[in-house]
Structure formats: C-alpha cells, structure tokens
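Asks: Attaching a single structure in structure tokens format; questions to follow.
The values are calculated or read from the model by the stated rules, or taken from the named source; none is laboratory data. On a predicted model such as this, the values are computed, not experimentally measured, just so you know. Counting neighbours? That spans all protein chains shown, and the Cβs are built from the backbone with ideal geometry, glycine included. To get the accessible areas, we keep the full protein, side chains included, count just its heavy atoms, and leave off ligands, DNA and RNA. Shrake-Rupley method; radii C 1.70, N 1.55, O 1.52, S 1.80 Å.
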Amino acid sequence: MTAYQKPVPAPDADSAPFWRGCREHRLLLQQCKGCGKFRFPAAQFCPACRSDAAEWLEASGRGTVYSWIVVVHPVPGDIYRDDVPYAVALVDLEEGVRMPTNIIGCDPRYIRAGMAVTVTFDDVSAELTLPKFRPA
Amino acid sequence: MWTLGDKYAIAGVGFTDYSKRSGRTVQSLAVEACGKAAADAGLAIADVDGIISFHFNDSVPAMSVATGLGLPNARYAIDYQSGGNSANLIIQTAVAAIEAGMATSVLCYRAMNGRSGFRLGGGRELAAHGITQYTAPFGWITYPQAMAMWCRRHMIEYGTTSEQLGTVAVTCRRNAALNERAMQREPITLEDHQNSRMIVEPFHLLDICLESDGACAVLVTSAERARDLRHRPVYIKGAAYGGGPVQGDDLFDAMRWPDHSRNYAHYIADDLWRSAGVGPADIDVAEIYDCFTYSVVMQLEGLGFCKPGEGGDFVQDGRIDRDGALPINTHGGLLSEAYIHGLNHVVEAVEQLRGDAGERQIPGAEIALTTAGAMTCGGAMVLRN
C-alpha cells in the first residue's frame, strides 16, 4: 500500500484533542467555561473572554453550507489530479462555529448555500481521519 | 487615523522589466528598481537613509538591498512578513519613520521572481502546521482557492455573476494594451473571459492575476524636501490600514471572518476618507488591488463607491473605463500589467498624477486612490498632485 501523499495536519498542543476525536469518529469542539461560547479552531484562550478554562464536547455534526468552491485545476497537480473536481466548503455548525471541509457524496453541481449537511468521517490513512460533510 | 495629510510625498518611482523569467537574482531586480526610484527623484543614493519591503520569504531583505545599493547610512531598514495587504502600508510606515526622525528619505520596494522562482501557494509541505492544518488537508491550498470562497459568498448574497466580474478583466486588459511595461497586452472580450478554462469555481483563468518576475519601488520623503527635487511631488493626502475584528491567523485564514461578502475595505473606509478630507466622488483615477476580478468589486463597495451588492452593476456600462466616471487600473493592474503585489499600482498612480502616463494618461487627474488587499486586512491611500 502506498503512503498517504496529501497534506496532513500536524496536531499541536491546542489541536491534538480535535484530531484524536476525528480518529474516533467524534467531532469535538472546545466550549469555553468562562462565557459558554464554542470555539474553532482550537486555542488555549477564548478569543471572546480570554478564559483558558474549556472542555471538549462532541458536536452534533449538523450544519449548513456557508460558501463553497469547486477545485477544477489541481494544485499541486501530482497530488490532486485524480480528485478533481472536488468541493471545499465552509460549513456553519449548529454550535455556532464555521469549519472548512469537503462536501462528499454529492455532485458538486448540486451544492447550494444553506444546504443542510452532516459530518462523515473519512479514514484517509491508517493514522488520519478527516471530518468531511455530506448532504443531510 | 492618519493625520499627516500632505506633509509627505512620493518623489520618485522605479521599476524593472516585468517578465515570466527574469534570469536574474531577486536582489539585482530590487537594486535596479530602487536605484531608478532614487534617480527619478533626483536624489543622490547617499541621501537615502531608509528602505522597507514586504514579502513571504520570496524576496531579499531590505538590509541586503541597502547593501547592494551602497547606502552609506541605512538608519531604517525593515521587512514586513506579509502580502499585498502591505503594499500601501509600507509607504505609510515609511512616512511614520520619517515623522519620528528615524530617517529622511525611504525607498519602498517589492521584488520577486514570482513566476520563475518561488510561486505563491506552490511551496507547501505535506505537514500542515498551525492554521493550515485545518485547510490544506481538505485540498484548500492556493490563493485562488481561498478567494473563490469569498467571491462565491458575494454571489450568494447579491446574485453577482461571472459575466459582471469579466468586465473587470476586460477593462484591465484594454488599459494594458496602452502600457509598454504590461505583460499581457492582447485585448480580450467578455466571451474570452467566459471561455477561459475553469480553475476553481467560480473563477475562470481570466479572473486570476498574473505571476511575475520583477521589482518596483517608490521614494518617500517630506513634502518640503520633495518640492526641491526633480518632479512635482505627489502628496499623500490620506491613508488607512486595517481590517475587521477577526483578521485570522495568516493571510489565507478567514474561517472566523463574519461576512465573506465584504472585505477589509469596509472597515477602513471611514478612516481613509476622513483622513483625506475627500470622498469617493472626488477620485479621478483609482488603482485598485486586483489579484482577482471580484476583489475590485468588493473594494468598490467597501470604500463606498456604490452600496454593498451593487458592485457587479457598478463596473458595467463603461463606468470603470478610462473615459468613464471612475477609471480604474489604468496600467492594467495585477490582472494584466504584472503581479508586483500592488506596489505597481502606486507607481501608476504617481505617473498619472504627474501627467507622465503617456498614452495611458487620464486627462486632468488630480486625485488618485490606491488600494492594497483583498481579504481580511489591507490598506489604501489618497494621493494628489
């Protein structure tokens, strides 16, 4: 089996729980214990109230498409040649955060703003799971 | 807010050839453009004591160019790690340095082999660190891919069409045809725009700027000094820099941006016009940062040339042509002159205000706008002769 040859996340002290959650097929978000806001991307301090007290909670996995693009010309070409056309979207989660992702399980031509989507976990390699979304 | 209206001026401009393959070092490009800007001002190199640039580690640092130029006393040599958002900011901070007594005459440059050397967005490693860990693994990597997301949102909100954006590309190319230094001078039609291949929906190839090898520079000094130099001074009447409350972790990142149908321009408009004491209706020529066609539309709206959502209509019917109500990008812009990251827009504005733009000259141009930026942060200036 050939090694996974696409960009892979380098988890850090802030993001490691998020990626570990994905590996377990759980979409985890930080909720601030100071002000109650969810935040994404992961960070030690809440940008709304500066509290560093937070807990990781499992998100519903439900959201809507805020905006999307369809990549037709692959860059880098050798990495994405077999994947185009593919859709990248910003999805607004029910918890009030916005997440970059791929929309799969749907011809990109049918993606619309506000479309309801739900998380689906793509085990792209033995080590990495990416949270993608499909029409709900 | 900028409070130095008309106290400082751009006294000289310089530029190299713009090409796809310079065959030269970036340092030599920078030294050539800077040397020409000082000479254009009529200033001896020994009288230049400041130098500033911005880059993404795709250029040479200011100290290297100071060394290459033989500046005897580089009191102020500084680099910004950033992109086109800083193409006006470096001039504003050069002025701030002069005002503070840190220097008297400052060269502001951008130099790169942006096509034959390091191509923006092309050099990512497979290990995605920092904010990139949330984007690159989904194949969201290049700047066209980043900005297509904004463009789409504008289309969603307002029904802006690809054909409307095409007018910006056609206009820039028509202007470039009059510009000897432009890399793309062959006229295009709206049909050519629509038929150009899709790169990343909603962007066709002709929505996307060029990649260029080259350098340009401007020489900034006090208005008082500038009046004794070779050309009529081009005064910095007003200026602003900034963005929204969530500018992101890097220039690509806008995942927390509140509304992708408007960009930084919306946030700096009040500062810009108040500092300049004029408004959109007073602008004779506007050199607007056009890394992509849509960014022109979004900045026109943000700066108040029209209402939010009306930009697509605004650019129709010849309004932005050289003989229209608001001539834009008279050199061809990043879309057709060259991608010198927005500093080439300042060079063009200076030539227009001096009356030195030859065939491209907008008759009677007295007040010009330059902008630099497309996403969460950026800057702009109002220049006058």
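Asks: Relative contact order for chain B: what is it in percent, counting Cα pairs under 8 Å that are at least 6 residues apart?
Replies: Normalised by residue count, the contact order of chain B is 25 percent.
Asks: Continuing with this model, one more query. Pick out which of B:ASN175, B:ASN195, B:ASN329 has the largest mean-square fluctuation in a Gaussian network model of chain B, springs linking Cα atoms closer than 10 Å.
Replies: Comparing B:ASN175, B:ASN195, B:ASN329 in a Gaussian network model of chain B, the most mobile one is B:ASN195.
Asks: I've got another one for you. Pairs of Cα atoms under 8 Å, at least six residues apart: use those to get the relative contact order of chain A, whole percent.
Replies: Once divided by the residue count of chain A, the mean separation gives 22 percent.
Asks: So how much slack lies between B:GLU163 and B:ASP228, counting 0.36 nm per residue of separation and subtracting their Cα-Cα distance, in nm?
Replies: Gain in length upon complete extension: 18.6 nm.
Asks: Under a Cβ-only charge scheme (Lys and Arg +1, Asp and Glu -1), can you give me the dipole magnitude of the range B:140-202 about the Cα centre, in debye to the nearest 20?
Replies: For this selection, approximately 180 debye.
Asks: Pop the C-beta distance of A:CYS49 and A:ARG20 into the FRET formula with R0 = 35 Å and round what comes out to the nearest 0.05.
Replies: Efficiency, rounded to the nearest 0.05: 0.85.
Asks: Please give every one of the lysines within straight-line cross-link reach of A:LYS37, meaning a C-alpha to C-alpha distance under 29 Å, and leave out same-chain neighbours fewer than 8 residues apart.
Replies: Leaving aside lysines fewer than 8 places away in the same chain, those within reach of A:LYS37 are A:LYS132.
Asks: Among all the aspartates and glutamates, which ones have a C-alpha under 18 Å from A:LYS33's C-alpha, if same-chain residues fewer than 8 places away are not counted?
Replies: A:ASP14, A:ASP52, A:GLU55, A:GLU58, A:GLU95
Asks: Related question: How high is the relative contact order of the range B:253-338, given as a whole-number percent (alpha carbon pairs under 8 Å, six or more residues apart)?
Replies: Worked out over the range B:253-338, it gives 32 percent.
Asks: Given a Förster distance of 35 Å, report the FRET efficiency between A:GLU58 and B:LEU205 from their Cβ-Cβ distance, rounded to the nearest 0.05.
Replies: Efficiency, from the Cβ-Cβ distance: 0.25.
Asks: Follow-up. Report, ordered by chain and residue number, the lysines lying within cross-link reach of B:LYS36, taken as a straight Cα distance under 23 Å and ignoring same-chain residues fewer than 8 apart.
Replies: Partners found: B:LYS20.
Asks: May I pose another question? Place +1 on the Cβ of every Lys and Arg and -1 on the Cβ of every Asp and Glu in the protein assembly as shown, take the dipole about the Cα centre, and give the residue among A:SER51, A:TYR4, A:GLY63 whose Cα lies farthest towards its positive end.
Replies: A:SER51
Asks: How much of A:TRP56 can a 1.4 Å solvent probe reach, expressed as accessible area in Å² and rounded to 10?
Replies: Approximately 80 Å² for this residue.
Asks: Work out the mean other chain Cβ neighbour count within 10 Å for the residues of A:113-121 and drop it here as an integer.
Replies: Across A:113-121, the average partner-chain Cβ count within 10 Å equals 1.
Asks: With every protein chain kept in the model, how would you rank B:GLU163, B:GLU211, B:GLU191 by accessible area, 1.4 Å probe, largest at the top?
Replies: Solvent-accessible surface, decreasing: B:GLU191, B:GLU163, B:GLU211.
Asks: How far, in nm, would the chain grow between B:ALA100 and B:SER116 when pulled straight, counting 0.36 nm per residue and subtracting the alpha carbon separation?
Replies: Result for the pair: 1.9 nm of gain on full extension.
Asks: I would also like to ask the following. Treating the angle as unsigned and between 0 and 90°, give the value, to the nearest 10°, between the Cα long axis of helix B:162-176 and the longest Cα principal axis of chain B.
Replies: It is inclined by approximately 30 degrees.
Asks: Normalise the Debye intensity by I(0) for the range A:1-124, one equal point scatterer per Cα, no solvent, then take log10 at q = 0.18, 0.23 Å⁻¹ and round to two decimals.
Replies: Log10 of I(q)/I(0), two decimals: -1.07, -1.37.
Asks: I'd like the FRET efficiency for B:TYR80 and A:ASP82, computed as 1/(1 + (r/R0)^6) with the beta carbon distance as r and R0 of 41 Å, rounded to 0.05.
Replies: 0.60
Asks: Just the accessible area for B:GLU359, please: 1.4 Å probe, Å², rounded to the nearest 10?
Replies: In the full protein context, B:GLU359 sits at about 130 Å².
Asks: Mind checking the dipole of the protein assembly as shown: about its Cα centre, +1 per Lys or Arg Cβ, -1 per Asp or Glu Cβ, Debye to the nearest 20?
Replies: 360
Asks: Based on DSSP loop calls and a cut-off of at most 16 other Cβ atoms within 10 Å, the longest stretch of chain B free of exposed trypsin sites (Lys or Arg not before Pro) is what?
Replies: My reading of the result: B:231-385 is the longest stretch.
Asks: Next up: Which percent of the accessible area of the range A:60-136 is formed by carbon and sulfur heavy atoms (probe 1.4 angstrom)?
Replies: Answer for the range A:60-136 is 48 percent, counting heavy atoms of protein chains only.
Asks: Provide the solvent-accessible area of B:LEU4, counting protein heavy atoms only and rolling a 1.4 Å probe, rounded to the nearest 10 Å².
Replies: 20
Asks: With everything on Cα atoms, drop me the angle between helix B:264-276 and the longest principal axis of chain B, reported from 0 to 90° to the nearest 10.
Replies: Around 40 degrees separate the two axes.
Asks: Hey, could you get me the Stokes-Einstein D for the protein assembly as shown, Kirkwood radius over alpha-carbon pairs, 4 °C and 1.567 mPa s, rounded to whole µm² s⁻¹?
Replies: 55
Asks: If you don't mind, there's one more thing I want to ask. For a quick size check, give me the Cα extents of the range B:171-260 along its three principal axes, largest first, whole Å.
Replies: 52, 41, 23
Asks: For the range A:67-88, state which residues have at least 40 Å² less accessible area in the presence of all protein chains than in their chain by itself, taking the probe as 1.4 Å and leaving out ligands, DNA and RNA.
Replies: A:SER67, A:TRP68, A:ILE69, A:VAL70, A:VAL72, A:HIS73, A:VAL75, A:VAL88
Asks: How many angstrom lie between the C-alpha centres of the range B:316-367 and the range B:144-173?
Replies: 21
Asks: Note down the magnitude of the dipole of chain B about its Cα centre, charges +1 on Lys and Arg C-beta and -1 on Asp and Glu C-beta and zero elsewhere, to the nearest 20 debye.
Replies: 560
Asks: Using the C-alpha gyration tensor of the range A:10-58, what are the square roots of 5 times its eigenvalues, in whole angstrom, with the largest one first?
Replies: 19, 11, 7
Asks: Shifting gears a bit: How compact and how long is chain B, expressed as Rg and Dmax of its alpha-carbon atoms in Å?
Replies: Every Cα atom of chain B included, Rg and Dmax give 19.2, 56 Å.
Asks: Could I ask something else about it? Which one, B:ASP58, B:ASP284, B:ASP249, has the greatest fluctuation when you compute a Gaussian network model over chain B with C-alpha springs under 10 angstrom?
Replies: Most flexible of the set in this elastic network: B:ASP249.
Asks: What is the average number of partner chain Cβ atoms found within 10 Å of a Cβ in B:18-25?
Replies: Mean shielding count: 0.
Asks: For the range A:60-136, state what percent of all Cα-Cα pairs lands in each successive 10 Å bin, counting from 0 Å until the bin that includes the largest distance.
Replies: P(r) over the range A:60-136, rounded to whole percents: 20, 49, 28, 3.
Asks: Largest first, what is the accessible-area ranking of B:SER222, A:SER67 with a 1.4 Å probe?
Replies: Correct descending sequence by accessible area is B:SER222, A:SER67.
Asks: Shifting gears a bit: Among bridges DSSP assigns within the protein assembly as shown, what percent are antiparallel (round to 5)?
Replies: Antiparallel bridges make up about 80 percent of those DSSP assigns within the protein assembly as shown.
Asks: Compute the distance from the alpha-carbon center of the range B:72-93 to that of the range A:116-130, in whole Å.
Replies: Their Cα centres are 43 Å away from one another.
Asks: Using only Cα atoms and rounding to the nearest 10 degrees, what angle (0 to 90) does helix B:89-99 make with the longest principal axis of chain B?
Replies: 30
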